[in-house]
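The structure appears below as structure tokens.
The values are calculated or read from the model by the stated rules, or taken from the named source; none is laboratory data. What you are looking at is a predicted structure, and each value in this text was computed from that prediction instead of being measured. Heads up, the Cβs are rebuilt from the backbone with ideal geometry, glycines too, and the neighbour counts pull from every protein chain shown. Calculation scope for accessible area: heavy atoms of the full protein, side chains included, ligands and nucleic acids excluded. Shrake-Rupley method; radii C 1.70, N 1.55, O 1.52, S 1.80 Å.
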Amino acid sequence: MRRTNRLGGAAAGLLASALVLAACGSDDDGGGGGGGDPSRNADATEVTLTITSNAIKGGKNTEEATWITDWVIPEFTAMKKEQGVDVTVEFEANGVDDEEYKTKIALDLQSDSGADIIGIDGIWTGEFAEAGYIEPLTEVAGEGVDDWDGWEQIPEAVQQAMSFEDQKYGIPLGTDGRVIYFNKELFAQAGLPADWQPTSWQEILDAARQLQQLDGVTPLQINAGTAMGEATTMQGFLPLLAGTGELVWNDGEWTGGSEGVTETLGFYADVYGGDQPLGDPLIQQEAQGRDTSFQMFANGELGMLIESDYLWRSVINPDGGIAPMQNRDEAVGWAKIPAREPGAGINGQDFVSMSGGTGRVLNPNTEYPQQAWELLRFMNSPEAFEAMLAGSARITPRDDVNATALADDPMLTFVAEEVLPITAYRPSLAAYPQVSVALQEATASVVSGTSPDEAASTYQSELEGIIGDDGAIAD
Amino acid sequence: MTAPSQTDPAPPGPSERSRRRPRIDDTDAAGLGRGRAAAFVAPALLLISIFLIFPALWTLYLGLTNWRLTGLAAVEPEFVGLDNYLDALTDPSFHNSLLLTLLFVFFSAVVGQSVLGFSLAWTTRRLRPSIRSLLETVVLLAWIIPASVIAFLWIALLSRHDGTLNALLGTEGTAWLLEYPMQSIIIFNIWNGTAFSMLLFSSALASVPPSQFETARMSGAGTLATLRDVVFPNIRGHILTNTLLITLWTFNVFTPYLITRGGPEGRSEILGVYIYRVALNEGALGRGAALSLIMILINLVIASVYLRLLRERKP
């Protein structure tokens, strides 16, 4: 009998991996479920709502988490109490990589559960909407959504971040722009100017060569590889690609292994190839590589880094950043990302950038759609933004708030005034995340020695596998 | 399973039972009869069906679809036949992952944990009980501390920046997890899982008749000879059981993900991690299901080989 017991134990172990996946699959009606009458429970006097976001006090996006727990929740609860409604709002904090956060909320939504208000990256809107995980705001909370006066304050382009097929799925939280940050102190030591503004890729490489003479300094960090996830595509590949005059998706066609893609991969080869690479190829492979690059920049060990304004306000911010840099205001400079050569960028631009946007959606499965919409509106009121900006400045979606809020911050003003007019956006298409992974793999292979031409043609065939026969690919 | 009777359905009376007692391998030793025996095993079979057989069949079905975590294919998965299986079998990253898994299992479980576990059990068996239990506690700790805590400790140990190991060896800046990812997770897994082998071998050694040790000593046998002629023949069954269990566990283990995430560039991407990446990070759930089923089949092959070896033990 002892032997049969062992056999049973072994069999249980065998099938454990099957169980994990099967458990995900057993809930077949996940997509398209929920929904229902937008006015359900509208008169409830006891309401429980949950907000979730990839933010956690003392960690990732700490200022957002603090704002939600210390301002939004008490203020909203007090406001509703006056109206005679007993509201309990909970905040479900997360502090993980965006990819893992996305997996988590996709699984939540698929099993018809999850928070009532969910913070997502705008780029996920398309695939979540197609899967039926989220629904247009008017479906969830009724036609009253269109009457909200806040929409007038949010520019059309910013609203696009949370829209899919001309339907609004959520309210954008803000937008951002990408620049080259550089350490002015290191630049001074290497004999480079404090108001540095390169006008071509070559000038970036030249500056990096000069920085290389300094001891213990990595000259340049261009995100690459799959470990960095979307940060590779957004902070590395796409702004460079825009500098060759191409976009990853344009006029209904995906860009294959084109000239621009090859040139962009060639830039990676220039940075990470050769006997003396200008960037540290190991950081690209580390599981926590992006955090390492932040830390190195904050420590003055990294000369240049392409990042969004997130770096400025949430990472190296001496007040509450995850890698605080006490002398940030004096030591950190920023420059627009140049096209490959002047005039070579998209629309014949000399400088380029990429922008994304996050936002918040309503969970179609919420028990209290009206109250959830009210809370979401409340979180996007001018008062709410003022309270949030009291912590640290950021570019909000609302023109009325931006007009006063950014004045004190030179970096954010620079992004709002100089970068947003020349920026570009990623396509809000369900296939994009897969294309993005293929691009990350292409950069990874170049960093580990594959020739740009070969990597570009591998990308082309990967792309054909993703898009299939019905999607268009330009050569 | 021995319970459902294949022959002799007649319920034996009390006198018959006493008469038949010496025939131990009779299939109806308990004298229940087919009907009652079936009633007794029905709950167990039901549980096995719900938790093991149904999920396996469901995985088989999911593996035939293009079901995804997000996008259109999340709502209406299409039947794609054997595409997922064919893609998997021709995918270089699957081959890479399978090879890494086999290396991982062989070096960390079959060689590492067994040998280290046995050595610990052998060398500590004559120590004072207090010292021995102290040692066992230390080894056990590695086994029972939660995986997330362990992962953090190992990242701190092997970190390229100010890591403990670099500080000890004076090898500033060596990125152990990047330069030696497989070696790192193999050593980690040996450290992590040795406790089980040690405990199992400790009790196995206790079951070796002391008289045989005496005899060996009297005839002047050295340690090696004692191991070969006295210990191993006595604990062969334990060795096989131990190897079977730790092989299967190690094959399915996921903890290394917490340390290297399968990186850099897939160089420590053992099967469990690979499936996680495909199914959840990339969202290709159908593909992940197909891979899971392949993994189950490999497990079954391993298990059946071991079980055959175990059966041969019987005269």
Other chains near B:62-70: what is the mean number of their Cβ atoms within 10 Å of each residue's Cβ?
5
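Pairs of Cα atoms under 8 Å, at least six residues apart: use those to get the relative contact order of the stretch B:234-315, whole percent.
32 percent
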Quick one: if you take sqrt(5λ) for each eigenvalue of the C-alpha gyration tensor of chain B, what semi-axes come out, biggest first, whole angstrom?
40, 36, 16
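Can you give the helix-only mean residue ellipticity at 222 nm for chain A, where every DSSP H stretch with n ≥ 4 adds -39500 (n - 2.57) and the sum goes over all residues, rounded to the nearest 500 deg cm²/dmol?
Numbers: 19 runs with 183 residues, N = 475.
Calculated mean residue ellipticity at 222 nm is -11000 deg cm²/dmol.
Which value in Å does the Kirkwood hydrodynamic radius of chain A take, with 1/r averaged over all unlike C-alpha pairs and then inverted?
Details: mean 1/r = 0.0420 Å⁻¹.
Hydrodynamic radius (Kirkwood, Cα only) of chain A equals 23.8 Å.
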Calculated Rg and Dmax of the stretch A:167-236 using C-alpha coordinates, Å
16.2, 54
Quick one: Karplus J couplings for the stretch A:400-413, per residue in order, coefficients 6.51, -1.76, 1.60, θ = phi - 60°, nearest Hz, x for Gly and Pro?
4, 6, 4, 3, 9, 6, 8, 3, 7, 10, x, 5, 5, 4
Between the alpha-carbon centers of the stretch A:398-418 and the stretch A:123-178, tell me the distance in whole angstrom.
23 Å
Below 8 Å between Cα atoms, with a sequence gap of 6+, how large is the relative contact order for the stretch B:92-312 in percent?
29 percent
Please work out the C-alpha center-to-center distance from the stretch B:163-231 to the stretch A:319-366 and express it in whole Å.
53 Å
For chain A, what's the relative contact order in percent, using C-alpha pairs closer than 8 Å and at least 6 residues apart?
24 percent
Between the stretch A:59-104 and the stretch B:243-298, the Cα center-to-center distance that results, in Å
35 Å
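Say the cut-off is 22 Å between C-alpha atoms; which of A:LYS60/A:LYS168; A:LYS80/A:LYS102; A:LYS57/A:LYS81; A:LYS57/A:LYS102; A:LYS168/A:LYS336 go over it?
Violating the 22 Å Cα-Cα cut-off are A:LYS60/A:LYS168; A:LYS80/A:LYS102; A:LYS57/A:LYS81; A:LYS168/A:LYS336.
Calculated from DSSP H runs of 4 or more alone, at -39500 (n - 2.57) each and per residue, what is the 222 nm mean residue ellipticity of chain B, nearest 500? Intermediate results must be reported in sequence, preceding the final value.
Numbers: 18 runs with 205 residues, N = 315.
Rounded to the nearest 500, the figure is -20000 deg cm²/dmol.
Wrap a convex hull around the Cα atoms of the stretch B:218-281, take a quarter of its surface area, and give that in square nanometres. Kindly include the intermediate steps, with their values, before the conclusion.
Working: hull surface 26.3 nm².
In nm², the orientation-averaged hull projection of the stretch B:218-281 is 6.6.
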Bin width 10 Å, alpha-carbon pairs only: give the P(r) of the stretch A:98-223 as whole percents, running from 0 to the bin holding the largest distance.
10, 30, 17, 17, 19, 7, 0
To the nearest 10 square angstrom, what accessible area does A:ILE204 show with a 1.4 Å probe?
10 Å²
Reachable aspartates and glutamates, given that their alpha-carbon falls under 17 Å from the alpha-carbon of A:LYS104 and they are not under 8 places away in the same chain:
A:ASP27, A:GLU92, A:ASP112, A:ASP116, A:ASP121, A:GLU127, A:GLU230, B:GLU282
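Can you give me the convex hull volume of the Cα atoms of the stretch A:21-180, divided per residue and expressed in Å³? Working shown, then result.
On the way: hull volume 24.6 nm³, N = 160.
Here the figure is 154 Å³ per residue.
Suppose we keep just the DSSP beta bridges with both residues in the protein assembly as shown; what percent of those would be antiparallel, to 5? All intermediate terms of the calculation are to be shown ahead of the outcome.
Details: 26 of 44 bridges.
Percentage antiparallel, nearest 5: 60.
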Measure of exposure for A:GLU259: accessible area at 1.4 Å probe, Å² rounded to 10, is 130 Å²
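State whether the stretch A:344-475 is rounded, prolate or oblate according to the following rule on the C-alpha gyration tensor (a ≥ b ≥ c being the square roots of its eigenvalues): a/c under 1.5 gives rounded; otherwise a/b larger than b/c gives prolate, and the remaining case gives oblate. Can you show the working numbers first?
On the way: a/c = 2.86, a/b = 1.56, b/c = 1.84.
Cα axes put the stretch A:344-475 in the oblate bin.
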Looking only at the stretch B:239-269, which residues have a backbone nitrogen under 19 Å from a spot 7 Å from the Cα of B:VAL305 in the C-beta direction?
B:239-253
Chain A: angle of helix A:289-298 to the longest principal axis, Cα-based, in degrees nearest 10
60 degrees
So for each of B:264-274, A:394-404, B:129-139 I average, over its residues, the number of other beta carbons within 10 Å; can you give me the resulting order with the highest mean first?
B:264-274, A:394-404, B:129-139
